[in-house]
Every structure is written in structure tokens, then in C-alpha cells.
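Comments concern the structure below.
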Amino acid sequence: MTVVVEHESGGDGGAFAGLMIDYGVGVSTRQVYEIKAVDTDFFDE
């Protein structure tokens with residue numbers, strides 16, 4: 001997970017932002033990425 005903090009007022013803001021994301025507190029989802037894997041069984045003869 002990568003956390004980007006645009007404004008930090010001191011302390012450990014990155015860790016705090018990470019906890020907010022992990023627990024879904026004070027954040028909202030903007031975009032979800034779908035990761036595909038090749039099904040090798042599909043190509044078996």
C-alpha cells in the first residue's frame with residue numbers, strides 16, 4: 001500500500017493516514033483497479 005499525504009502538520013501523519021485507509025475512517029474510495037491473471041488451464045490441450 002502506498003500512502004500519499006498532501007498536507008502534514010507534524011508528527012507521524014503518514015502512519016495516521018495509513019490507519020485511516022486501513023480502517024476506512026474519514027476516507028472514500030475514488031477508483032478501484034482490477035488485476036487480471038491468465039488462466040493457463042484455458043490453453044491446455
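Applied to the stretch 20-34, the Karplus parametrisation 6.51 cos²θ - 1.76 cosθ + 1.60 on θ = phi - 60° returns per-residue 3J(HN,Hα) values of 4, 5, 4, 9, x, 9, x, 10, 9, 7, 9, 8, 10, 9, 9 Hz, with x for Gly and Pro. Spacing of the modelled spin labels on V25 and A37, each 7 Å from Cα toward Cβ, amounts to 3.3 nm.
Each value in this text was obtained by applying a stated rule to the coordinates, not by laboratory testing. No experiment lies behind these values; they were computed from the predicted model shown. Note that each Cβ is placed from the backbone with ideal geometry, even for glycine, and that neighbours are counted across all protein chains shown.
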